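J.: Right, I'll just put the structure down here and ask away after.
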Amino acid sequence: MAVTSPDGGILRPLAADGTPAGPPRHTADLIGAIATLERTDRPRWVWPATHLIYPRLLRAGVRLAQCHDLELVEALLLGHAARHGEPRSVAAAYARLRGTEVPGDVPGPGAEVGAGGQPSLFDQASEPTADDIEAVVAVHHDQLRRIASLEHPDRMGLLAAAESAGGLIAAEMTHHGLPWRAEVHDRLLTELLGPRPAGSGRHGPGLRPRRLQALADEIVAAFDGRPVNPDSPAQIVRAFGAAGISVPSARSSVLRGIDHPAVAPLLEYKELARLHAAHGWGWLDTWVRDGRFRPEYIVGGVVSGRWATRGGGALQIPKVLRRAVVADPGWVLVVADAAQLEPRVLAALAGDEAFAAAAAHGDLYTALADAFGGARAKAKIALLSAMYGGATGDAISLLGVLRQRFPAAAGYVEAAARAGEAGHIVRSRLGRTCPPPSAAWRERVAGVAGGAAARSRGRFTRNFVVQASAADWALALLALARRRLAEQAPPAPAGGERHLAAGPQLVFFQHDELIVHSPKEHADAVVAAISAAAADAGRLVFGSTPVVFPLETAVVDCYADAK
């Protein structure tokens, strides 16, 4: 299917193996045609990129059940072949198939539009052609072929379906938006920083707020009147040097170890200045409209499969501002957080029977504590050392206990670390693949100080296999939860579409936490749906395993009350 300005396009049915099942059909009303087919046939839509097309459908009130996002799947397959960074658009994939010059990807969604501001397959203003739909068909068929040729085609097929579902979910979360009370945000900023300073807005922070200026004055006074700009790390280091204190940097972790009257106001200044710069009044003016925060999510934006955002900092909402996330009247927020996800993922990956048995119960660290003399804290340190590497001090002996009691779990991540140190690639449970080492890394490893570079990559691959597999599980959770939540939307009128805003809505997702904005009367059903989705995701991704993936769920009016 191709899309061009203003509304027309081409549709073509495909068989299960990706071959055409009928001729291409031109339509002057693409959205209407898609809505009709979704209502009658509920097909899996194949298209160049969800973020190019689906927002238009959502604005028209059309929700789709499933799709195959060629751009997202191409990135997965390129990564699996250790070809990270190659262009992943349909135009690029089609060029590779034909052996012609491969065009680069166009950066950012703002550039990926055709004439009239509408998305198009090849960023062209002309009507779609048979060649355009042929490119979509050919790339899709080739992707199915490449998936089938892999060692674990079922896993990559599942990952491709989940990643494509993620594209739908990302667009829907932007469309719905996270409920956000601008007046509460403004009040919180005023309480912390003082009244809104002149000139602050989306074009810049303006003058320093009153509290920041007062702290800046305290800092200068603490240095005996020496002019110091607290926003300048170099000036802070020089000021301490003039006071007879040598510091390597102005980082907060360094400052906390210094006994000097400037430290306390500096630490407070840093914290409040960060809030003002990242989520101050300028952020509020830019990102919150009509009572909603609408970030643009980037599916698989991090190499491990975690999501990113393009602006807005949605994945780092400060705790102090969560008071501004408030459900609409008659609605609630269902906040679900996966408990100790990465250690549980390691238990499922390794197949360590003793470790998996412990992960089949409530608090994982408490269940493992017996192996560490009953100390939960020691069990936690040992597990984190195993997954992240770099153990020092007491962690070394605790890691030794872990190796002895749970050899398969320890061995799994250590094998990944050795692979990384040797320059090999590692994969997640479903096949997401880490980038190969660069030529510069290989040069460093071959040099005198190569051991440090090798160990650093080993720590990366050690964690990658766990973190990326956790992202596999979280993506499956999202897709399954979305399907279950859709069943709770009010039925559509005869011949019509379901109202997108009528039922529970996924409105936020970060790593291992999600938020559903739900009518109050659906809250219990939403909690049950998410819990069932978590269990289903465990079985789907890891197969038969005693490991459970419990969710800590809270039903609240305000996000700040969830934890």
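J.: Please pick out the residue among Val46, Val73 that is under 30 Å from Ser438 (Cα atoms) and at pLDDT 95 or above.
T.: Val73
J.: Same structure again: Please list, ordered by first then second residue, the pairs with beta carbon atoms under 6 Å, 6 or more apart or interchain, first in the stretch 254-269 and in a loop (DSSP other than H, G, I, E, B), second among the hydroxyl-bearing types (Ser, Thr, Tyr) and modelled with pLDDT under 95.
T.: Taking only residues 6 or more apart or on different chains, not a single pair turns up.
J.: Separate question: Scan the stretch 333-355 residue by residue and report those that are aliphatic (A, V, I, L, M) and part of a loop (DSSP other than H, G, I, E, B).
T.: Passing the criteria: only Ala339.
J.: List the pairs whose first member sits in the stretch 361-378 and is closer than 22 Å to Pro550 by Cα, whose second member is surrounded by 14 or more Cβ atoms within 10 Å (Cβ to Cβ) and among the charged types (D, E, K, R), and whose Cβ atoms are under 7 Å apart, counting only residues at least 6 apart or on separate chains?
T.: Between residues of the stretch 361-378 that are closer than 22 Å to Pro550 by Cα and residues that are surrounded by 14 or more Cβ atoms within 10 Å (Cβ to Cβ) and among the charged types (D, E, K, R), the close pairs are Leu364/Arg344; Tyr365/Arg376; Tyr365/Lys380; Thr366/Arg376; Ala369/Arg376.
J.: Any idea which of (1) at pLDDT 95 or above; (2) crowded, with 20+ Cβ neighbours inside 10 Å; (3) within 21 Å of His51 (Cα to Cα) is the one Arg292 doesn't satisfy?
T.: Unmet for Arg292, out of (1) at pLDDT 95 or above; (2) crowded, with 20+ Cβ neighbours inside 10 Å; (3) within 21 Å of His51 (Cα to Cα): (2).
J.: Can you find even one residue in the stretch 213-220 that is at pLDDT below 95 and more than 29 Å from the chain's Cα centre (by Cα)?
T.: No, there is no match, as no residue in the stretch 213-220 is at pLDDT below 95 and more than 29 Å from the chain's Cα centre (by Cα).
J.: Looking at the stretch 158-172, which of its residues are open to solvent by less than 30 Å² (accessible area, probe 1.4 Å) and under 18 Å from Gly305 (Cα atoms)?
T.: Those that are open to solvent by less than 30 Å² (accessible area, probe 1.4 Å) and under 18 Å from Gly305 (Cα atoms): Leu159, Ala160, Ala162, Glu163, Ser164, Ala165, Gly166, Gly167, Leu168, Ile169, Ala170, Ala171.
J.: Within the stretch 295-316, is even one residue in a strand (DSSP E or B) and of a type outside the set (Val, Ile, Thr)?
T.: Yes: the stretch 295-316 contains one or more residues that are in a strand (DSSP E or B) and of a type outside the set (Val, Ile, Thr).
J.: Looking at the stretch 460-482, can you tell me whether even one residue there is surrounded by fewer than 18 Cβ atoms within 10 Å (Cβ to Cβ), at pLDDT 95 or above, of a type outside the set (A, V, I, L, M) and assigned to a helix (DSSP H, G or I)?
T.: Checked against the condition, which is being surrounded by fewer than 18 Cβ atoms within 10 Å (Cβ to Cβ), at pLDDT 95 or above, of a type outside the set (A, V, I, L, M) and assigned to a helix (DSSP H, G or I), the stretch 460-482 yields no hits at all.
J.: When both residues are 6+ apart or on different chains and their Cβ atoms are under 6 Å apart, which pairs have a first residue that lies in the stretch 153-167 and is basic (Lys, Arg), and a second that is modelled with pLDDT of 95 or more and not in a helix (DSSP H, G or I)?
T.: What qualifies is Arg155/Leu430; Arg155/Gly431.
J.: Now a separate question. Is at least one residue of the stretch 326-342 under 30 Å from Leu207 (Cβ atoms) and open to solvent by less than 40 Å² (accessible area, probe 1.4 Å)?
T.: There is at least one residue in the stretch 326-342 that is under 30 Å from Leu207 (Cβ atoms) and open to solvent by less than 40 Å² (accessible area, probe 1.4 Å).
J.: Quick check on the stretch 189-208: of everything there that is within 17 Å of Arg274 (Cβ to Cβ) and of a type in the set (D, E, K, R), which residue is modelled with the lowest pLDDT?
T.: Arg208
J.: Arg429 is checked against (1) open to solvent by 30 Å² or more (accessible area, probe 1.4 Å); (2) in contact with a Leu (Cβ under 8 Å, 6 or more places away or on another chain); (3) part of a helix (DSSP H, G or I) and fails just one. What number does that condition carry?
T.: Among (1) open to solvent by 30 Å² or more (accessible area, probe 1.4 Å); (2) in contact with a Leu (Cβ under 8 Å, 6 or more places away or on another chain); (3) part of a helix (DSSP H, G or I), the lone unmet condition for Arg429 is (3).
J.: Ok, one more. Of all strands (runs of 3 or more DSSP E) completely enclosed by the stretch 1-89, which ones contain at least 2 residues that are open to solvent by 40 Å² or more (accessible area, probe 1.4 Å) and either in contact (Cβ under 8 Å) with a residue 40 or more places away in the chain or more than 30 Å from Ala468 (Cα to Cα) (or both)?
T.: Passing ranges, in order: 25-27.
J.: Follow-up question, since we're still on this one. Only one of Ala382, Ala415, Ala386 is under 14 Å from Asp352 (Cβ atoms), among the hydrophobic types (A, V, I, L, M, F, W, C) and surrounded by fewer than 17 Cβ atoms within 10 Å (Cβ to Cβ). Can you tell me which?
T.: Exactly one residue qualifies, and that residue is Ala415.
J.: Taking Arg322 and the conditions (1) of a type in the set (D, E, K, R); (2) farther than 23 Å from Phe293 by Cα; (3) surrounded by fewer than 20 Cβ atoms within 10 Å (Cβ to Cβ), which numbered condition does it fall short on, given that it satisfies the others?
T.: If we test Arg322 against (1) of a type in the set (D, E, K, R); (2) farther than 23 Å from Phe293 by Cα; (3) surrounded by fewer than 20 Cβ atoms within 10 Å (Cβ to Cβ), just (2) comes out false.
J.: In the stretch 523-563, what count of residues is obtained for those that are assigned to a loop (DSSP other than H, G, I, E, B), out of contact with any helix residue (DSSP H, G or I) (no Cβ under 6 Å at 6 or more places or on another chain) and over 24 Å from Lys319 (Cα atoms)?
T.: Of the residues in that region, 3 qualify.
The values are calculated or read from the model by the stated rules, or taken from the named source; none is laboratory data. The structure displayed is predicted, hence computed values, not measured ones. Cβ coordinates were reconstructed from backbone atoms using ideal geometry, including for glycine residues, and neighbour counts include every protein chain displayed. SASA here: full protein model, heavy atoms, side chains in, ligands and nucleic acids out. Shrake-Rupley method; radii C 1.70, N 1.55, O 1.52, S 1.80 Å.
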